Amino acid sequence: MDVVPAAADTLENWNTSPFQAVIRDGYIQGRGAIDDKGSLVALMEAVEFLAAQGRQPARTIILAFGHDEEIGGDQGAVLMSQALVQRGQRAWFVLDEGSAAIDPHPLTGAPAAIIAVAERGFATLRVRAVGQPGHSSTPPHETAVSLAAAAVDRIHSMPITRSLEGGPAIDMMRALAPEISFTTRMAVANEWLFGPLLRGRMEGDPVSRALMGTSVAPTMINGGVRPNVLPAEVEAMINFRLHPRDTSAEILARAQAAVADLEGVTVEWAEPPREATSVSSATSSSYALIAAVTGAALDGLPAAPGLMLAGADARHYQPAAENVYRFQPMLFTTADLEGIHGLNERLSLNNFERTIRFYIGLIEAGAFP
Ligand SMILES: [Zn+2]
């Protein structure tokens, strides 16, 4: 139910007021149209439609709407998941936001629906470098700035496994194989031989690269007050999005090893890291159900398992479900995606209607005899 703000200094760049939900040009325009009120309203429309028919479902459908997803879900999804566990309720599957149909998909060049079976983790490393403060006319061999720069560079370029294996990437490639060029298909089928070629190709695209391994992004650096003064301390932040194959402990150990010989440099997590989730099954009956209803809702578009690159409340429901999936049957261009947390967020009426029909179809196929 919650949305991120529309920053005051960006309001003049919005085509319509972000909180008026103007319907214009075939779109619902406004903050949250995609993330995540589109699904919220579509779900309620779908359930009210089915309830109005007075039919009795064979399975219980639980609707869980959090109020704090954008700030981590601690008072929303976390507590609701705990309540389900305490009641001894374990869902056949959970479906949340987090992925959709992309047009074009970077790997096939055509539209494809990506059902995310896992979420990456989130962890921020604080790099602290202390140095001898004083006048810069007679500097020591290393200053706090040069130490921090060296540390950031080493951690940024430390070896990180990038492979199709060990996560949903290989399953995604296999599911999309019919849509992929012959040469890429050959390479996927023979990763032992063409792995470097394939990885080289995927490295070129940020989304594909993120699918293959943990991403490393130096995002902040702070220190120094004047050009002629040696700072006592410099601090930098490096943000990691953890791939399911990596744990935060491994990444921290590798980062500490990379800077071990830099005297005066320490690295630690700036806040407790959030691990990547476990990978839900792409061969389960629930995945098959979602994929089938997706095909119906999106006119036979190919569906493939994938990895959610950001985070959602879904991860909190792991203990209360056999499998957890992240997918909305919305067809987006890259431009549409830029509206999420960005300017001029909008949802097409076609996508909105399709989402209502999708939830009706999913609930009917999954919960009614
Ligand atoms: Zn969001």
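The values are calculated or read from the model by the stated rules, or taken from the named source; none is laboratory data. Everything quoted here is computed from the prediction, not taken from an experiment. Note that we place each Cβ from the backbone using ideal geometry, even for glycine, and neighbour counts take in every protein chain shown. Note: areas computed on protein heavy atoms with side chains; ligands, DNA, RNA excluded. Shrake-Rupley method; radii C 1.70, N 1.55, O 1.52, S 1.80 Å.
Values computed for the structure shown
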{"read-out": "Segment 215-369, accessible surface, carbon-and-sulfur percent (1.4 angstrom probe)", "value": "55"}
{"read-out": "Burial order of peptide ranges 124-131, 18-25 (average beta-carbon count within 10 Å, highest first)", "value": "124-131, 18-25"}
{"read-out": "Segment Ala260-Asn15, extension gain: residue separation times 0.36 nm, minus the distance between their alpha carbons", "value": "83.1 nm"}
{"read-out": "Distance from segment 173-229 to segment 42-87 (C-alpha centre basis), Å", "value": "36"}
{"read-out": "Accessible area per residue, Å², the chain with all protein chains present, probe 1.4 Å", "value": "48"}
{"read-out": "222 nm mean residue ellipticity, helices alone, for the chain (DSSP H n ≥ 4; -39,500 (n - 2.57); rounded to 500)", "value": "-10000 deg cm²/dmol"}
{"read-out": "Where labels lie 7 Å past Cα in the beta-carbon direction, separation of Trp269 and Leu40 in nm", "value": "2.9"}
{"read-out": "Gain upon complete extension [Ala292, Ala177; 0.36 nm per residue less C-alpha separation]", "value": "39.6 nm"}
{"read-out": "Estimated distance in nm for a label pair at Phe65 and Thr219, the labels positioned 7 Å out from Cα along Cα-to-Cβ", "value": "2.9"}
{"read-out": "Dipole in debye (nearest 20) - the chain, about Cα centre, beta carbon charges: Lys, Arg +1; Asp, Glu -1", "value": "660"}
{"read-out": "Amide H contacts of Val22 (H built 1.01 Å from N, under 5 Å, at least 5 apart or other chain)", "value": "Gln29"}
{"read-out": "Under 15 Å, Cβ to Cβ, from Ile160 - net charge with Lys/Arg +1 and Asp/Glu -1", "value": "+3"}
{"read-out": "Nearest 10 degrees, 0 to 90: helix 285-297 Cα axis against the chain principal axis", "value": "70"}
{"read-out": "Kirkwood estimate for segment 129-219, i.e. one over the average of 1/r between Cα atoms, Å", "value": "16.1"}
{"read-out": "Linear extension gain, Ala310 paired with Glu203, 0.36 nm per residue minus alpha-carbon span", "value": "36.7 nm"}
{"read-out": "Residue-wise HN-Hα coupling along segment 56-66, computed from phi with Karplus coefficients 6.51, -1.76, 1.60 (Hz; x: Gly, Pro)", "value": "9, x, 7, 10, 6, 9, 9, 9, 10, 10, x"}
{"read-out": "Order by protection proxy (mean Cβ within 10 Å, highest first), peptides 152-159, 350-357, 109-116", "value": "109-116, 350-357, 152-159"}
{"read-out": "Carbon/sulfur fraction of accessible area - segment 1-55, other protein chains in place, 1.4 Å, %", "value": "55"}
{"read-out": "Label zone at Gln56 (point 7 Å along Cα-to-Cβ), backbone N below 16 Å, segment 344-369", "value": "367-369"}
{"read-out": "Using distinct alpha-carbon pairs, which all enter the 1/r mean, Kirkwood radius of segment 151-299 in Å", "value": "18.4"}
{"read-out": "Unit Cα scatterers, Debye sum, segment 235-369: log10 I(q)/I(0) for q = 0.11, 0.20 Å⁻¹", "value": "-0.60, -1.28"}
{"read-out": "Dimensions (Å) - the chain, Cα atoms, principal axes, largest first", "value": "83, 53, 46"}
